1. Being exposed (fewer than 12 other Cβ atoms within 10 Å of the Cβ), in contact with a Lys or Arg (Cβ under 7 Å, 6 or more places away or on another chain) and either over 21 Å from Gln98 (Cβ atoms) or β-branched (Val, Ile, Thr) (or both): is that true of Asp78 here?
2. Using beta carbons and a limit of 9 Å, which pairs, at least six apart or on different chains, have the first residue in region 50-64 and more than 15 Å from Gln96 (Cβ to Cβ) and part of a loop (DSSP other than H, G, I, E, B) and the second one aromatic (Phe, Trp, Tyr) and at pLDDT 95 or above?
3. Of everything in region 27-44, what is buried (at least 18 other Cβ atoms within 10 Å of the Cβ) and over 13 Å from the mean Cα position of the chain (by Cα)? Give them in sequence order.
4. For region 53-73, give me each residue that is charged (D, E, K, R), closer than 24 Å to Val35 by Cα and modelled with pLDDT under 95.
5. Residue under question is Ala66, and the condition is that it be of a type in the set (A, V, I, L, M, F, W, C), under 13 Å from the mean Cα position of the chain (by Cα) and closer than 26 Å to Ala21 by Cβ; does it hold?
6. Mind checking whether some residue in region 6-26 is among the small types (Gly, Ala, Ser), buried (at least 19 other Cβ atoms within 10 Å of the Cβ) and over 19 Å from Ile101 (Cβ atoms)?
Amino acid sequence: MTKGLRILDDVAERDLPAVVAYHLPRSRAKAQAIVAEYDRIVGLLQTNPLIRPIRRDGWRICIFRAGTYALYYREMPDCWLIAGIFHAQRDPDWIQTQLLIRESREGGI
């Protein structure tokens, strides 16, 4: 049996809308490209979550072609968890803190 994909509310209700809200007034085409890229990545992960290598911290990352953003996901006991979309130039320690907070809220620790 394969594991399903779970997208945290933080991703769907905060991360992606914030990225789109930033780009929309500057370029509707760029905002639409980012949403399309998100949909493409989620579709890819539904069929092949092992496509990206696991990092030392346990997370896997998909880089958006449409912008400088990275989608963070990891394998959990019962699912593949998509936990964040962050700008690639964010402080890595800040990103790890956000991921830890989000994962702990989900009972992953």
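The values are calculated or read from the model by the stated rules, or taken from the named source; none is laboratory data. Quick caveat, the model's predicted, so the values are computed rather than measured. So basically every Cβ, Gly included, is an ideal-geometry build from the backbone, and we count neighbours across all protein chains shown.
1. yes
2. Close Cβ pairs (under 9 Å, with a partner that is aromatic (Phe, Trp, Tyr) and at pLDDT 95 or above) amount to Arg52/Tyr73; Phe64/Tyr38.
3. Ala31
4. If we filter region 53-73 for residues that are charged (D, E, K, R), which is where we start, we get 55-57, 60, 65.
From what's left, closer than 24 Å to Val35 by Cα: 60, 65.
If the condition is that a residue be charged (D, E, K, R), closer than 24 Å to Val35 by Cα and modelled with pLDDT under 95, then Arg65 is the only one that fits.
5. So Ala66 does not fit the description; no.
6. The answer is no; no qualifying residue exists.
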